[in-house]
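Written out below as structure tokens is the structure these notes cover.
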Amino acid sequence: MSDKADVNLTGVKQSQGVWLVKVPKYLSQQWGKATEKGEVGKISIAKKQGKTEVSFSLSEELTTLGAVGEKDASLQVPREHPFTMHTVGGQTMAVFSQSDTDEISLEGMVVHRAECRPVVNDNYMKLKKLQIKESTKSPRLSQQLERAITTVFKPVANHDFNVLHEKKKKSEGKMVRAERQVVLDMLFSAFEKHQYYNVKDLVDITKQPVTYLKEIMKEIGTYNNKGAHKSTWELKAEYRHYQSAEEEEEMQTA
């Protein structure tokens, strides 16, 4: 439909007003299976105790669900559908149509609103049971292949960098800060075995968060920014049980 178009208003003069009716999905599907220009049902309007009652009766030829693809031809959709009437209220609603030539016509103004609801009986309950069963069916099907599929490009469930990131995130997420003295004991015990450690090794040993571990190491250790042991930590002189290479050389010179 174009942004600007002429609207044919001739139908408004002839129309006595139209009804806007909401119908169940299965009912519209049954109507779609009717033969061209065939009858889909009848509407009855009657007065009962001064009140207007409206109902729709589906054509008998369209009540069998098997006619629209259901294997069980004995299953039938409800035939009787009473209307629940509603007021239009302060709304202004209209019905438009569009022809094959894209001509837009105003068919009429909505004067009544209604809901077309089925009579709850055995047929209706069977239909609802079938609908629920169909909605729970998985759209995925398993199929046995007769030969292996060999293609140049194969889908990857998860890329390596994503796996490493998730693994790191998961491992760090499980790390809980231990008491400071417990962490100090683990660090001193580790430095009794080796003089230098990088951060990754200390994390593996203590199982502590990196930020918490660095905070403690800044108090008891020294970070080497250069030299043969670049990017490693060692204990400060006052915490060492050994002498560094520079200290040993000074002692020998003395």
Exercise. Hey, any hits in the range 114-129 for a residue that's among the charged types (D, E, K, R), in contact with a Phe, Trp or Tyr (Cβ under 8 Å, 6 or more places away or on another chain), at pLDDT 80 or above and not in a loop (DSSP other than H, G, I, E, B)?
Worked result: yes
Exercise. For the range 58-80, does any single residue satisfy the condition of being exposed (fewer than 12 other Cβ atoms within 10 Å of the Cβ), touching a strand residue (DSSP E or B) at 6+ places or on another chain (Cβ under 8 Å) and charged (D, E, K, R)?
Worked result: no
Problem set entry | Matching residues, the range 177-195, being over 19 Å from Tyr223 (Cβ atoms), open to solvent by 80 Å² or more (accessible area, probe 1.4 Å) and in a loop (DSSP other than H, G, I, E, B) | Arg177, Glu179, Glu192, Lys193
For this session: Any residue in the range 191-205 that's assigned by the TED database to the domain that holds Thr232 and under 20 Å from Glu238 (Cα atoms): show its pairings with residues that are open to solvent by 60 Å² or more (accessible area, probe 1.4 Å) and in a loop (DSSP other than H, G, I, E, B) at Cβ separation under 6 Å, as long as the two are six or more apart or on different chains.
Result: Tyr196/His229
Exercise. When Leu235 is evaluated against the numbered criteria (1) open to solvent by 90 Å² or more (accessible area, probe 1.4 Å); (2) of a type in the set (A, V, I, L, M, F, W, C); (3) in contact with a helix residue (DSSP H, G or I) (Cβ under 6 Å, 6 or more places away or on another chain), which criterion, by number, is the only one it fails?
Worked result: (1)
Exercise. Are any residues in the range 28-56 at pLDDT 85 or above, open to solvent by less than 30 Å² (accessible area, probe 1.4 Å) and not aromatic (Phe, Trp, Tyr), and if so, which ones?
Worked result: Gly41, Val54
Exercise. Among the residues of the range 146-161, is there at least one that is modelled with pLDDT of 75 or more and open to solvent by 70 Å² or more (accessible area, probe 1.4 Å)?
Worked result: yes
Exercise. Within the range 20-34, how many residues are in contact with an Asp or Glu (Cβ under 9 Å, 6 or more places away or on another chain) and either assigned to a loop (DSSP other than H, G, I, E, B) or aromatic (Phe, Trp, Tyr) (or both)?
Worked result: 2
Problem set entry | Gln14 at pLDDT 80 or above, more than 20 Å from Cys116 (Cβ to Cβ) and open to solvent by 100 Å² or more (accessible area, probe 1.4 Å) | no
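The values are calculated or read from the model by the stated rules, or taken from the named source; none is laboratory data. Not measured: the values here are computed from a predicted model. Cβ: placed from backbone, ideal geometry, glycine included. Neighbour counts: every protein chain shown. Note: accessible area is taken over every heavy atom of the protein model, side chains too, but ligands, DNA and RNA are not part of it. Shrake-Rupley method; radii C 1.70, N 1.55, O 1.52, S 1.80 Å.
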